[in-house]
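Asker: One structure coming up, written as structure tokens, with questions to follow.
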Amino acid sequence: MKKFVFFLVPVLFATGCANKKNTPDISSVKVNVAVERFDQDLFAVDTLDLQRSIPPLQAKYPVLLPIFVKNILGLDSTNFVPGIKEFLRLTQPIQDSAAMVFKEAGFIKNDFEKAFRFVKYYFPDYQLPKIITVLGPVYALAQTSNGYSPDFLGPDFLGISLQFYLGNDFSVYKNPNFIAEVAPAFRSRRFSKEYIVSDAMQLIVDDLFPDKSNTRPLIEQIIEKGKQWWLLDKFLPEVSDSLKTGYTRQQLEWCVANEGLIWSYIIKNEDLYSINNATIQTYIGEGPFTQVFSHELSPGNIGPWIGWQIVKKYAENNPGKSPAVIMQASAKQVLEEAKYKPK
């Protein structure tokens, strides 16, 4: 497949602004956001007497601690004290950095309070999770239906993994082994605290409407993942689009400036109903760029952005439909009724 280069043209607006989104008034929506600092409590235990220090921690985090021990640390749930002690010893330098970056973490509560008010506005019956900050190993991201995430959703909590939000210049992220095995530069570029709410709210979106399109044809994946970005935008209307998409500002501006050409290339050069993995991976999935477009200006994972634009047109053409109805619409219906023809 040949590389297709588009050029960035000036755009006369800020791609990160939230105007013209018809943001609803959420002033009357009340939520109670609880933020618990498991990271601080874990590293405050007496490592010289863990047999006595662990039970109070277990009492405070009865749901999280077993998950942390078994699924995050990979320890035997019946004999994990030695493993905990070794983990604390090895991870103390990272905890020291996290303690400085997140010494004042009130913004976490404030950001989630605003996002959760939008969730409750649109989905009043949804049971909001509490927020628990965690500091775990740096050698693995959580795997979700949409790829990899620094965060994870538990039975009644949303876990925020602080080890992946220490700033994109954090020395560990520059380690060659980390780059090769955990996160290349295009991903670790987003390992800063301003991405926390966007990353975590993607898990809430998927909890409400799980993305089950991973084995479906290209166009279905584009639209289903675009629906998730559309709902994320509903929950975070005042957050920069670059934070929600993970694109750089330049990449986002390139997409906006070349929207019509991107869609034209896809429909002319690809079978929209292809299930060929190589074809799908060209447009779906993270990467430093999209192979068939400009390697200097295009983002990877461009399919969901195009899907988002299609869903926005569908929503504009159906102003009476609620977000729940829009999210449950089939990809075929969305494509047909959107009448998407960008210039």
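Just so it is clear, none of the values below were taken in a lab; they were calculated from the coordinates. Just so we're clear, the structure is a prediction, and the values are computed from it rather than from any experiment. Ideal geometry is used to build each Cβ from the backbone, glycine not excepted, and the neighbour counts take in all protein chains shown.
Asker: Please turn the phi angles of segment 111-125 into ³J(HN,Hα) values with the Karplus equation 6.51 cos²θ - 1.76 cosθ + 1.60 (θ = phi - 60°), one per residue in order, whole Hz, x for glycine and proline.
Answerer: 5, 6, 4, 5, 5, 5, 5, 5, 4, 5, 4, 8, 9, x, 8
Asker: Residue farthest toward the positive end of the dipole of the chain, with Cβ of Lys/Arg at +1 and Asp/Glu at -1: which of PRO150, GLY307, GLY74?
Answerer: Looking along the dipole axis, the top candidate is GLY307.
Asker: Once amide H atoms are built 1.01 Å from N in the peptide plane, which residues 5 or more positions from GLY246, or in another chain, come under 5 Å H to H?
Answerer: none
Asker: Grab the DSSP H runs of the chain that are 4 residues or longer, score each as -39,500 (n - 2.57), total them, divide by all residues and round the 222 nm result to the nearest 500 deg cm²/dmol. Walk me through the intermediate numbers first.
Answerer: Numbers: 16 runs with 162 residues, N = 343.
Computed mean residue ellipticity for the chain: -14000 deg cm²/dmol.
Asker: Moving to a separate point now. Given H placed on each backbone N at 1.01 Å, which residues far from ALA142 in sequence or on other chains put an amide H within less than 5 Å of it?
Answerer: Sorted by chain and number, the residues that satisfy this are SER149, ASP151.
Asker: To continue, here is another question. Which links in LYS212/LYS244; LYS109/LYS174; LYS114/LYS244; LYS225/LYS339; LYS109/LYS212 stretch past 23 Å when you go from one Cα to the other? If you can, show how the numbers build up before the last one.
Answerer: Details: LYS212/LYS244 21 Å; LYS109/LYS174 30 Å; LYS114/LYS244 15 Å; LYS225/LYS339 18 Å; LYS109/LYS212 31 Å.
Over 23 Å apart, Cα to Cα: LYS109/LYS174; LYS109/LYS212.
Asker: Sticking with this one: Report, in debye and to the nearest 20, how large the dipole of the chain comes out about its Cα centre when Lys and Arg carry +1 and Asp and Glu carry -1 on their Cβ.
Answerer: On the way: 37 positive and 36 negative charges, 151 e Å.
Result for the chain is approximately 720 debye, rounded to the nearest 20.
Asker: Then there is this: What number, in percent, do you get for the relative contact order of the chain if the mean sequence gap of Cα pairs under 8 Å and at least 6 apart is divided by its residue count?
Answerer: On the way: 430 pairs, mean separation 71.4, N = 343.
Rounded, it is 21 percent for the chain.
Asker: Neighbouring Cβ atoms within 10 Å as the yardstick, rank THR78, THR47 fewest first.
Answerer: Numbers: THR78 6, THR47 13.
Listing THR78, THR47 from fewest to most nearby Cβ atoms yields THR78, THR47.
Asker: Take peptides 294-304, 240-250 and line them up by average Cβ neighbours within 10 Å, highest first, as a rough protection proxy. Intermediate results must be reported in sequence, preceding the final value.
Answerer: Numbers: 294-304: 20.5, 240-250: 18.9.
Sorting 294-304, 240-250 by mean packing, highest first, produces 294-304, 240-250.
Asker: Using the alpha carbon gyration tensor of segment 127-233, what are the three equivalent-ellipsoid semi-axes (square root of 5 times each eigenvalue), largest first, in whole Å?
Answerer: 25, 18, 12
Asker: What translational diffusion coefficient, to the nearest whole µm²/s, does segment 75-198 have by Stokes-Einstein, given a Kirkwood radius computed over alpha-carbon pairs, a temperature of 10 °C and 1.306 mPa s viscosity? Before the final figure, lay out the partial values.
Answerer: Numbers: Rh = 16.0 Å.
It comes out at roughly 99 µm²/s.
Asker: Which cross-chain or sequence-distant (5 or more) residues have an amide H under 5 Å from the amide H of GLU36, H modelled 1.01 Å from N in plane?
Answerer: Amide H neighbours of GLU36, under 5 Å, 5+ apart: ILE131, ILE132, THR133.
Asker: What list of ³J(HN,Hα) couplings, whole Hz, do you get for segment 299-312 from phi and the Karplus terms 6.51, -1.76, 1.60, once you set θ to phi - 60° and write x for glycine and proline?
Answerer: Listing the rounded values in order: x, x, 6, 7, x, x, 5, 4, x, 4, 5, 5, 5, 4 Hz.
Asker: Here's a follow-up. Based on a Kirkwood Rh over C-alpha pairs, give the Stokes-Einstein translational diffusion coefficient of the chain at 10 °C and viscosity 1.306 mPa s in µm²/s. Each step should come with its number before you reach the end.
Answerer: Details: Rh = 21.6 Å.
Result for D is 74 µm²/s.
Asker: What are the principal axis extents of the Cα atoms in segment 43-145, in Å, biggest first?
Answerer: Principal extents (Cα only, largest first): 48, 31, 29 Å.
Asker: Then there is this: Apply the Karplus curve 6.51 cos²θ - 1.76 cosθ + 1.60, θ = phi - 60°, to the phi angles in segment 209-215 and return the couplings in whole Hz, x for Gly and Pro.
Answerer: Couplings: 9, x, 7, 10, 8, 4, 9 Hz.
Asker: Under 19 Å between alpha carbons, and skipping anything fewer than 8 positions from LYS103 in its own chain: which lysines qualify?
Answerer: LYS193
Asker: Which residue fluctuates most in the GNM of the chain (Cα springs below 10 Å): THR290, THR279, THR133?
Answerer: Of the options given, THR279 has the highest mean-square fluctuation.
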